[in-house]
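Trainee: Encoded as structure tokens, here's the structure I'll be asking about.
The values are calculated or read from the model by the stated rules, or taken from the named source; none is laboratory data. Just so it is clear, the structure is predicted and the values come from calculations on it, not from any experiment. Quick reminder, even Gly has a Cβ in these numbers, built from the backbone with ideal geometry, and neighbours come from all protein chains shown. Keep in mind that these areas ignore ligands, DNA and RNA; they rest on the heavy atoms of the full protein, side chains included. Shrake-Rupley method; radii C 1.70, N 1.55, O 1.52, S 1.80 Å.
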Amino acid sequence: MFRNFHKKTGSEKRIEKLFTDIKFMLKTSSTYSDKYGLPPGSAVHIGESSDHDVRITLHQFNEESYVEKKDIELGDISDQIDTSLVNWIHVHGLHDPIVITTLGESFGIHSLVTEDILNTTHRAKTESFDDYLFIVGKSFYYNDDDGKLVTGQASIVLMDHIVLSFTDFPEHFFSPLLQRLNIATGKIRRKRADYIAYAILDTIVDIAFSALETIEVRIENIEEKIFINPQADEIQGLHQLRQDVILMRRSIWPFREVINLFIKSDSKFIQEDTLKYFRDVYDHTIQIMDTVETSRDLVSSLFEIYLS
């Protein structure tokens, strides 16, 4: 009995170290202290810093044509808007307050909205204004470099002929959407700006599905090891899986409610025939929540099996 107790102590030390690493990561990735004492609407980035430049891409299209303009300069954007086309301005990177603020001012976006865009730890939300709709969506993915779960954010400003999107997701996640824009026969080219907003939300939901597939594979691998030859190291893997599932739930639960509010907003910026697509995104978020809850139950069961 005492020998078993001493063996568990080694695992407990590893878990304690894992908690220390998590606390250190949270401490170094947040800059809330930088906003202390500043007035509401102050443009301060909150989240992970980055060495990459913020990139702005302008997509303009209708059923007959599509043009992609990369690395647009801030001063040139307003002059290049064509109201006879759908104009999708995609901003990759949220760590430069000057770029986000300047772009927001060019399109009459409130400073409080700009503040929300810069805060990558912001809870999912939606707001309706006279000139635009604003929505913040959250999703998650596994980093290719270290295999850790990362929460990403996408903010969307929807106007009559313009969509502004601000994301910190890896650019390749949006490649399928850009490929659809390149195909002249695709439905996306025949729709208005609200359909692009739907397509962006649908993309970040697809990103979540991909992460859930990774979770399921990792659970199966640990389950197999526990039943065949349980080792002390498995408890650390289980603990990390539980943390990942909690993070997923925290990200997607409010996002589901936001999509529902977005659908019920009765906004002039959303066409009647586009509502069914937003409802489909809502259905997918419910499916994700069901899968997350199932994964959480499985991880808890594996804990019990390991301890027994």
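Trainee: Could you run through region 87-108 and say how many residues are outside any helix (DSSP H, G or I) and either surrounded by 18 or more Cβ atoms within 10 Å (Cβ to Cβ) or not aromatic (Phe, Trp, Tyr) (or both)? Write out each step before concluding.
Mentor: First, the residues of region 87-108 that are outside any helix (DSSP H, G or I): 87-96, 107-108.
Narrowing further to those that are either surrounded by 18 or more Cβ atoms within 10 Å (Cβ to Cβ) or not aromatic (Phe, Trp, Tyr) (or both): 87-96, 108.
Matching residues across region 87-108 total 11.
Trainee: When you go through SER155, SER111, SER175 one by one, which is the residue that is surrounded by fewer than 16 Cβ atoms within 10 Å (Cβ to Cβ) and within 18 Å of the chain's Cα centre (by Cα)?
Mentor: SER175
Trainee: Moving on to the next point. Are any residues in region 195-224 within 28 Å of LEU261 (Cβ to Cβ) and aliphatic (A, V, I, L, M), and if so, which ones?
Mentor: Result: ILE196, ALA197, ALA199, ILE200, LEU201, ILE204, VAL205, ILE207, ALA208, ALA211, LEU212, ILE215.
Trainee: May I ask you to verify whether SER308 is open to solvent by 30 Å² or more (accessible area, probe 1.4 Å), over 30 Å from ASP194 (Cα atoms) and either at pLDDT below 90 or under 17 Å from the mean Cα position of the chain (by Cα) (or both)?
Mentor: For SER308, the condition - open to solvent by 30 Å² or more (accessible area, probe 1.4 Å), over 30 Å from ASP194 (Cα atoms) and either at pLDDT below 90 or under 17 Å from the mean Cα position of the chain (by Cα) (or both) - is met.
Trainee: Could you tell me which of the residues ASP146, ASP131 is part of a loop (DSSP other than H, G, I, E, B) and either more than 29 Å from ILE246 (Cβ to Cβ) or open to solvent by less than 20 Å² (accessible area, probe 1.4 Å) (or both)?
Mentor: Residue meeting the stated conditions: ASP131.
Trainee: Picking from ASP79, ASP71, ASP116, which residue would you name as being in a helix (DSSP H, G or I) and under 23 Å from LEU181 (Cα atoms)?
Mentor: Only one candidate qualifies: ASP79.
Trainee: Could you say which residue among ALA193, ALA199 is within 26 Å of VAL157 (Cα to Cα), out of contact with any helix residue (DSSP H, G or I) (no Cβ under 9 Å at 6 or more places or on another chain) and at pLDDT 90 or above?
Mentor: Exactly one of ALA193, ALA199 is within 26 Å of VAL157 (Cα to Cα), out of contact with any helix residue (DSSP H, G or I) (no Cβ under 9 Å at 6 or more places or on another chain) and at pLDDT 90 or above, namely ALA193.
Trainee: Follow-up. Taking the criterion of being assigned to a helix (DSSP H, G or I), over 25 Å from GLY152 (Cα atoms), open to solvent by 90 Å² or more (accessible area, probe 1.4 Å) and of a type in the set (D, E, K, R), would at least one residue in region 282-302 satisfy it?
Mentor: No, region 282-302 contains no residue that is assigned to a helix (DSSP H, G or I), over 25 Å from GLY152 (Cα atoms), open to solvent by 90 Å² or more (accessible area, probe 1.4 Å) and of a type in the set (D, E, K, R).
Trainee: With the checklist (1) in contact (Cβ under 8 Å) with a residue 12 or more places away in the chain; (2) under 30 Å from HIS161 (Cβ atoms); (3) open to solvent by less than 70 Å² (accessible area, probe 1.4 Å) in hand, flag the one item ARG190 doesn't pass.
Mentor: In the conditions (1) in contact (Cβ under 8 Å) with a residue 12 or more places away in the chain; (2) under 30 Å from HIS161 (Cβ atoms); (3) open to solvent by less than 70 Å² (accessible area, probe 1.4 Å), ARG190 misses (3) alone.
Trainee: Name the single residue that is modelled with the lowest pLDDT among those in region 262-272 being out of contact with any Lys or Arg (no Cβ under 8 Å at 6 or more places or on another chain) and open to solvent by less than 70 Å² (accessible area, probe 1.4 Å).
Mentor: SER265
Trainee: Looking only at region 222-261, which residues are open to solvent by 50 Å² or more (accessible area, probe 1.4 Å) and outside any helix (DSSP H, G or I)? Write out each step before concluding.
Mentor: Our first condition is that a residue be open to solvent by 50 Å² or more (accessible area, probe 1.4 Å); within region 222-261, this holds for 223-225, 227-231, 233, 236, 240, 242-243, 246, 249-250, 253, 257, 261.
Scanning region 222-261 gives ASN229, PRO230, GLN231, ASP233.
Trainee: Do we find a residue being within 26 Å of ASN260 (Cα to Cα) and β-branched (Val, Ile, Thr) anywhere in region 185-194?
Mentor: Yes, there is a match, as at least one residue in region 185-194 is within 26 Å of ASN260 (Cα to Cα) and β-branched (Val, Ile, Thr).
Trainee: Within region 66-94, track down each residue that is on the phi > 0 side of the Ramachandran plot and not acidic (Asp, Glu).
Mentor: Correct list: GLY93 only.
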